[in-house]
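Colleague: Input: one structure, supplied below.
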Amino acid sequence: MSKNLISGVTCCGLLLLAHCFLAVNADFSYDDPDRWAETDPECAGSRQSPIDIVRAATVAAPEQDYPLKLQGFFRQPVTITVENNGHTAQYTFGWSKDSNRPTIRGGPLGSSIYAFEQLHFHWGAEDDRGSEHTFDGQALPLEGHFVFFNREYGTFEKAVEQPDGLAVMGVLFELRANRADAKWARPLGKIRQAGSSATLTGKDVFSLNDVAGTDWDRYYSYPGSLTTPPCAESVTWIVRNEPFPVAPKDLRALRNLLDSNGEPLVDNFRPVQPLNDRTVTRYGF
């Protein structure tokens with residue numbers, strides 16, 4: 001995932017981690033992700049993300065587990081700030097009051113309530129790659145991440161430091177030629193340059209349902225990490241089984257963005273990491 005925490009947290013200080021996520025000159029590169037651990041040791045940890053999900057090796061969830069409950073996914077925010085931070089297109093929603101944030105609970109999250117923080121994407125230069133997670137070794141051209149934090153810890157900044165602090169819902173997208181363009185893609189032409197942003201209001205805002213629907217009945221979960229430095233191992237991953245359609249026009253709009261060097265912002269995905277001794281649990285089937 002692409003919360004762009006800066007290696008060494010040089011620009012912000014430890015108490016301002018979340019603000020580093022938006023920095024254009026974050027000290028990491030997708031050109032050589034194997035070197036991230038040189039400055040951020042946790043990137044070589046034992047519960048890193050993303051992973052290849054081998055369906056036949058997953059374990060069914062216990063029947064007594066609570067179903068995953070989504071609240072507020074149809075709710076529209078007051079504003080949406082869309083930013084090209086040099087590594088991804090990130091969407092931060094503004095609410096009239098904090099209690100309006102969409103939340104998730106249940107499933108692998110138990111009774112804890114997780115509040116929505118932000119949305120961002122990972123994509124490839126070609127259609128045969130781009131998603132961070134893969135299924136049975138197969139990648140898709142785009143993956144969206146809905147980032148949530150555990151309300152028990154009060155703020156995202158505090159939650160990121162806890163082993164159960166974050167939950168990320170990941171959905172892979174497949175190209176659909178007859179798919180209408182999505183509202184989330186329409187402002188991308190305004191943020192082509194790294195460091196640029198646009199604020200959406202009124203009829204231009206959209207809900208989480210507008211991005212990838214609310215069909216989360218079948219998914220996989222495992223304990224993992226952020227997928228950018230410092231690779232904090234604080235994430236419960238929820239990866240949808242079925243892909244969601246994306247229009248070729250929308251994928252082209254993402255590929256038209258530029259990174260902080262003025263080069264095409266593409267292939268912004270971390271390679272899959274070793275599963276080690278973790279269990280991937282399947283829910284709903």
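Colleague: Zone of Asp32 (label point 7 Å along Cα→Cβ, backbone N under 20 Å): which residues in the range 196-233?
Modeller: 228-231
Colleague: Continuing with the same structure: Tell me which residues come under 5 Å, amide H to amide H, from Gly284 once H is placed; ignore anything under 5 positions away on its chain.
Modeller: Ala61
Colleague: Hey, another quick one. Go through Val280, Val78 and list them by solvent-accessible area, largest first, probe radius 1.4 Å.
Modeller: So the residues, ranked largest to smallest area, are Val78, Val280.
Colleague: With label points built 7 Å along Cα→Cβ from the Cα atoms of Glu63 and Arg75, find their separation and express it in nm.
Modeller: 3.5
Colleague: Rounded, prolate or oblate: which one fits the range 143-185, using the alpha carbon gyration tensor with axes a ≥ b ≥ c (rounded when a/c is under 1.5, else prolate when a/b beats b/c, else oblate)?
Modeller: Here the range 143-185 falls in the prolate category.
Colleague: Okay, next question. Suppose every K and R has +1 on its Cβ and every D and E has -1 on its Cβ; what is the size of the dipole of the range 22-170 about the Cα centre, in Debye to the nearest 20?
Modeller: Computed about the Cα centre, the dipole is about 920 debye.
Colleague: Among (i) 131; (ii) 154; (iii) 120, only one was calculated for this model; which label is it, if the read-out is volume of the Cα convex hull per residue in Å³?
Modeller: Derived directly from the coordinates: (iii).
Colleague: Follow-up question, since we're still on this one. With θ set to phi - 60°, apply the Karplus curve 6.51 cos²θ - 1.76 cosθ + 1.60 along the range 153-159 and write out the HN-Hα couplings as whole Hz, x wherever there is a Gly or Pro.
Modeller: Per-residue couplings from phi come out as 9, x, 9, 4, 4, 7, 5 Hz.
Colleague: With respect to the cross-link table entries Lys158/Lys183; Lys203/Lys249; Lys69/Lys203; Lys97/Lys158; Lys97/Lys183; Lys69/Lys249, which display a Cα-Cα separation exceeding 29 Å?
Modeller: Exceeds cut-off: Lys158/Lys183; Lys69/Lys249.
Colleague: Which of rounded, prolate, oblate describes the range 60-100, given a ≥ b ≥ c as roots of the alpha-carbon gyration tensor eigenvalues and a/c under 1.5 marking rounded, otherwise prolate only if a/b is larger than b/c?
Modeller: oblate
Colleague: Just to be sure I understand: with springs between alpha-carbon atoms less than 10 Å apart, which residue in Ser234, Ser96, Ser260 has the highest mean-square fluctuation in the Gaussian network model of the chain?
Modeller: Ser96
Colleague: Keeping all protein chains in the complex and leaving out DNA, RNA and ligands, what accessible area do you get for Tyr153 with a 1.4 Å probe, in Å² to the nearest 10?
Modeller: Accessible area, nearest 10 Å²: 50 Å².
Colleague: A further question follows. Amide H to amide H, which residues 5 or more places from Ala89 or on other chains are under 5 Å from it, using H placed in the peptide plane?
Modeller: Under 5 Å from the amide H of Ala89: Phe121.
Colleague: Expressed in nm to one decimal, what extension gain is obtained for the pair Glu174 and Val54 from 0.36 nm per residue of sequence separation less their Cα-Cα distance?
Modeller: 41.3 nm
Colleague: Tell me, what is the 1.4 Å probe accessible area of Thr279, in Å² to the nearest 10?
Modeller: Spelled out: Thr279, probe radius 1.4 Å, area about 70 Å².
Colleague: Shifting gears a bit: If you build the Cα gyration tensor of the range 156-256 and take the root of 5 times each eigenvalue, what three semi-axes come out, in whole angstrom, biggest first?
Modeller: Over the Cα atoms of the range 156-256, the semi-axes work out to 27, 19, 13 Å.
Colleague: Hey, can you rank 47-56, 188-197, 164-173 by average C-beta count inside 10 Å, highest first?
Modeller: Result, highest mean Cβ count within 10 Å first: 164-173, 47-56, 188-197.
Colleague: Enumerate the amide H contacts of Val78 below 5 Å, restricted to partners 5 or more residues apart or on another chain; note that Pro and chain-start residues carry no placed amide H.
Modeller: Gly94, Trp95, Ser96
Colleague: Do any trypsin sites (Lys or Arg not before Pro) in the range 205-285 lie in a DSSP loop with no more than 13 other beta carbon atoms within 10 Å, and if so, which?
Modeller: When the trypsin sites (Lys or Arg not before Pro) of the range 205-285 are filtered for loop state and at most 13 Cβ neighbours within 10 Å, Arg218 remain.
Colleague: What does the helix-only formula give at 222 nm for the chain: each DSSP H stretch with n ≥ 4 adding -39500 (n - 2.57), the total divided by the residues, and the result rounded to the nearest 500 deg cm²/dmol?
Modeller: It comes out at -1500 deg cm²/dmol, rounded to the nearest 500.
Colleague: Using r as the Cβ-Cβ distance of Phe285 and Glu126, and R0 as 30 Å, what FRET efficiency do you calculate, to the nearest 0.05?
Modeller: Efficiency computed from Cβ-Cβ geometry: 0.45.
Colleague: Testing the spin-label approximation: label points 7 Å from Cα along Cα→Cβ at Thr201 and Asn276. State their distance in nm.
Modeller: Going from the Thr201 label point to the Asn276 one covers 4.7 nm.
The values are calculated or read from the model by the stated rules, or taken from the named source; none is laboratory data. It should be emphasised that the depicted structure is a prediction, and the values quoted were computed from it without experimental measurement. Virtual Cβ from ideal backbone geometry, glycine too; neighbours counted across all protein chains shown. Note: accessible area is taken over every heavy atom of the protein model, side chains too, but ligands, DNA and RNA are not part of it. Shrake-Rupley method; radii C 1.70, N 1.55, O 1.52, S 1.80 Å.
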